[in-house]
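The values are calculated or read from the model by the stated rules, or taken from the named source; none is laboratory data. Only a predicted model underlies this, so the values are computations on that prediction, with no experimental measurement involved. Glycine also receives a Cβ, built like all others from the backbone with ideal geometry; neighbour counts cover every protein chain displayed.
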Amino acid sequence: MSKRIHKYILETTDSQVLSLPKGAGILKAAEQRDGICIWVEVDLKAELEDVEFRIFGTGHEVDIGAKYGQYIDTVFLGQYVWHVYVVFTTKQHWD
(Lines give C-alpha, C1' and ligand atoms only; values in the text may rest on other atoms or scores of the structure.)
Protein backbone atom coordinates (compact mmCIF):
# COMPACT_ATOMS: atom_id res chain seq x y z
CA MET A 1 0.00 0.00 0.00
CA SER A 2 1.44 3.32 -1.11
CA LYS A 3 0.01 6.42 0.56
CA ARG A 4 0.23 10.02 -0.61
CA ILE A 5 -1.01 13.33 0.72
CA HIS A 6 -3.54 15.09 -1.51
CA LYS A 7 -5.27 18.44 -1.19
CA TYR A 8 -9.03 18.83 -1.61
CA ILE A 9 -10.87 22.14 -1.81
CA LEU A 10 -14.02 22.57 0.28
CA GLU A 11 -16.81 24.94 -0.61
CA THR A 12 -17.83 27.39 2.10
CA THR A 13 -21.22 25.76 2.59
CA ASP A 14 -22.98 23.97 5.45
CA SER A 15 -22.62 20.43 4.11
CA GLN A 16 -20.85 18.72 1.23
CA VAL A 17 -19.72 15.25 0.22
CA LEU A 18 -16.35 14.30 -1.26
CA SER A 19 -15.42 10.92 -2.70
CA LEU A 20 -12.24 9.85 -0.89
CA PRO A 21 -10.35 6.55 -0.89
CA LYS A 22 -11.45 4.28 1.97
CA GLY A 23 -9.25 4.61 5.02
CA ALA A 24 -8.27 8.19 4.17
CA GLY A 25 -6.74 10.12 7.06
CA ILE A 26 -7.69 13.78 7.29
CA LEU A 27 -4.60 15.66 8.42
CA LYS A 28 -5.39 19.38 8.30
CA ALA A 29 -7.83 22.05 7.20
CA ALA A 30 -6.54 25.53 6.42
CA GLU A 31 -7.01 28.64 4.30
CA GLN A 32 -5.23 28.69 0.98
CA ARG A 33 -5.85 31.25 -1.77
CA ASP A 34 -9.01 32.58 -0.10
CA GLY A 35 -10.60 29.13 0.22
CA ILE A 36 -10.84 26.24 2.66
CA CYS A 37 -8.65 23.26 1.84
CA ILE A 38 -8.08 19.92 3.52
CA TRP A 39 -5.01 17.74 3.27
CA VAL A 40 -5.70 14.02 3.34
CA GLU A 41 -3.45 10.96 3.47
CA VAL A 42 -4.83 8.55 0.87
CA ASP A 43 -4.18 5.19 -0.71
CA LEU A 44 -5.02 5.87 -4.35
CA LYS A 45 -5.63 2.16 -5.00
CA ALA A 46 -8.38 1.97 -2.36
CA GLU A 47 -12.05 1.93 -3.31
CA LEU A 48 -13.77 5.32 -3.05
CA GLU A 49 -16.37 6.20 -0.43
CA ASP A 50 -18.46 9.30 0.10
CA VAL A 51 -17.37 11.38 3.10
CA GLU A 52 -19.48 14.25 4.41
CA PHE A 53 -17.95 17.49 5.67
CA ARG A 54 -19.77 20.18 7.63
CA ILE A 55 -18.60 23.74 8.11
CA PHE A 56 -19.92 25.94 10.93
CA GLY A 57 -19.26 29.59 11.58
CA THR A 58 -18.33 30.85 15.03
CA GLY A 59 -21.52 31.38 17.03
CA HIS A 60 -23.55 29.04 14.82
CA GLU A 61 -25.21 25.91 16.17
CA VAL A 62 -23.09 22.80 15.60
CA ASP A 63 -25.72 20.39 14.32
CA ILE A 64 -24.36 17.00 13.33
CA GLY A 65 -27.71 15.27 13.83
CA ALA A 66 -27.78 11.56 14.62
CA LYS A 67 -24.40 11.03 13.00
CA TYR A 68 -20.89 10.92 14.43
CA GLY A 69 -18.92 14.12 13.90
CA GLN A 70 -15.22 14.67 14.40
CA TYR A 71 -13.71 18.15 14.58
CA ILE A 72 -10.90 18.65 12.07
CA ASP A 73 -9.69 22.25 12.37
CA THR A 74 -10.55 25.95 12.55
CA VAL A 75 -9.94 28.07 9.47
CA PHE A 76 -9.62 31.88 9.38
CA LEU A 77 -10.94 33.20 6.09
CA GLY A 78 -11.01 36.98 5.83
CA GLN A 79 -13.29 38.30 8.56
CA TYR A 80 -14.89 34.88 9.13
CA VAL A 81 -13.85 31.96 11.29
CA TRP A 82 -15.02 28.50 10.15
CA HIS A 83 -14.91 25.18 12.02
CA VAL A 84 -14.57 22.07 9.86
CA TYR A 85 -16.00 18.67 10.85
CA VAL A 86 -16.05 15.32 9.12
CA VAL A 87 -19.28 13.36 9.61
CA PHE A 88 -19.73 9.59 9.64
CA THR A 89 -22.95 7.61 9.59
CA THR A 90 -21.53 4.74 11.67
CA LYS A 91 -19.66 4.72 14.93
CA GLN A 92 -16.89 2.47 13.56
CA HIS A 93 -15.20 5.50 11.98
CA TRP A 94 -15.41 7.37 15.28
CA ASP A 95 -13.56 4.79 17.41
Practice problem: Could you tell me which residue of the stretch 55-73 is farthest from residue 85 (Cα to Cα), considering only residues that are assigned to a strand (DSSP E or B) and touching a His at 6+ places or on another chain (Cβ under 9 Å)? | Solution: 57
Self-check item: Those residues of the stretch 27-45 which are at pLDDT 95 or above and among the hydrophobic types (A, V, I, L, M, F, W, C), in sequence order
Solution: 27, 29, 30, 36, 37, 38, 39, 40, 42
Quiz item: What number of residues within the stretch 6-54 satisfy the criterion of being among the β-branched types (Val, Ile, Thr) and part of a loop (DSSP other than H, G, I, E, B)?
Solution: 2
Practice problem: Report the residue count in the stretch 30-57 for those that are within 15 Å of residue 70 (Cβ to Cβ) and within 11 Å of the chain's Cα centre (by Cα). | Solution: 7
